[in-house]
Amino acid sequence: MSLKNFTERPLEPLARISPSSYLSLQQCPLKEIWASSRQLLLPCNPAAYVGTAIHRMLELAFQGRISNRKELSEEWDNEIERLENEMLKNPLEKHLVPLYSSVLNFEVKKLLAFDMICPMLGGIPHGKSSGSKNNAEAWVDTPDGKVVGKIDLVKESDAGIEIVEYKTGPLTDDLSSGGAKHEYVIQVKMYAALYHAKHGEWPKKLTLAGINQVRISIDVDSEECGKLLQEASKNLADINELIRSGLQPRDFAQPSPETCKYCLFRPACSKYWEARKVGENWPIDAKGRIVNKTLLANGLYRVVIATDTGEAAIRGLSPERHAFLRNDIKRAVFCNLWNERSDGFFVAKMFTTGYVLE
């Protein structure tokens, strides 16, 4: 899909909102609106797929479908293969297969996950006869179905309900503070409110669990949790009303270095290109008129682009991944570059993605 076709599609109202998408709406409504289309413009970080595999192993363990480390290893290999097959169907991500070569510390993440999961194998009680019950990947929603979520683990016991959310990344922004990341706290509190909306009972305990087996308890404040749920529902209604009013994509954009850094839609965001400033923690991207294009002896392209702030020389562009460079093109955009040692010089890396500007 070209950037023009992407940006010219009419914006569609959001069908529902989850704790994670609620947080995304706070940062940049356009990012979440475009995310609902599931048509990405940049590749996902492959580490996210490892996170998906870890959550799948947790689910199988909680359900009693894995009983030993050998079975865990087999299921892991099957899940990684399934995810890689999906990636191979995506032109943006197929070059990131196999995951063990594109994910930093792949084996370390795998071993940490196994160390976390193995003590659970065969040791998690199932059924009410044991005095406790565990429900993995528990679906929760409001009565109108507008705010929804899936909880990693709901533990029911005589002491009450405990919601456990597993995270494959660091639980804190600052390891010395001991406090959980703000977005994780908001998510788990919204899950508490959703559980209450679904079952009429408030959890007694909220827990964030890291792959390194660090656990952080979050207080349950029913009033605070309830307000978050109400706010999410109102935000959904407000955004959809604005979409139906005919506002354009740029009207919803709220660019910032932190938000845009991980946005998979920024190539098409005109407001991002207007706001960004080189050297101020913005993503390393380049957009403009092609001044020079050379196929070097190593089989890779070197392209010079005239941007709004000067010329950008980019080397290491693969003809296979950037096939449009074989044509006579006038303008282009390249995202996820790496700085060379000299100003104005860049190199293409694993996540670099380019588009023709029509």
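Quick note: the coordinates plus some simple rules give every number you see, no bench work behind them. Everything quoted here is computed from the prediction, not taken from an experiment. Glycine gets a Cβ as well: all are built from the backbone with ideal geometry, and neighbour counts include every protein chain shown.
Please order Arg82, Arg16 by the number of other Cβ within 10 Å, starting at the fewest.
Arg82, Arg16
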### Query
Mean separation of Cα pairs under 8 Å and 6+ residues apart, divided by the residue count of the chain: what relative contact order is that in percent?
16 percent
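Could you tell me which of the pairs Lys150/Lys349; Lys146/Lys277; Lys205/Lys227 are separated by over 30 angstrom between their Cα atoms in the structure shown?
Cα-Cα > 30 Å for Lys150/Lys349; Lys146/Lys277; rest within.
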### Query
Could you put Asp285, Asp77 in order, starting from the residue whose Cβ has the fewest other Cβ atoms within 10 Å?
Asp77, Asp285
### Query
Contour minus end-to-end for Trp202 and Lys4, with contour as 0.36 nm per residue of separation and end-to-end as the Cα-Cα distance?
66.5 nm
### Task
Just need the relative contact order of segment 284-356 here, percent rounded to a whole number, with Cα pairs under 8 Å and 6+ apart.
31 percent
### Query
What lysines sit close enough to Lys271 to cross-link, taking a C-alpha to C-alpha distance under 16 Å and skipping anything fewer than 8 places away on the same chain?
Lys4, Lys31, Lys261, Lys287
### Task
Calculate one ³J(HN,Hα) per residue across segment 346-358 by plugging θ = phi - 60° into the Karplus curve 6.51 cos²θ - 1.76 cosθ + 1.60, and present them in order as whole Hz with x for glycine and proline.
9, 10, 7, 10, 4, 9, 5, 9, x, 9, 7, 9, 8
### Query
Do any trypsin sites (Lys or Arg not before Pro) in segment 261-358 lie in a DSSP loop with no more than 14 other beta carbon atoms within 10 Å, and if so, which?
Lys277, Lys330, Arg341
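Neighbour counts of other C-beta atoms within 10 Å: give me Cys335, Cys269 arranged from fewest to most.
Least to most surrounded, the residues fall as Cys335, Cys269.
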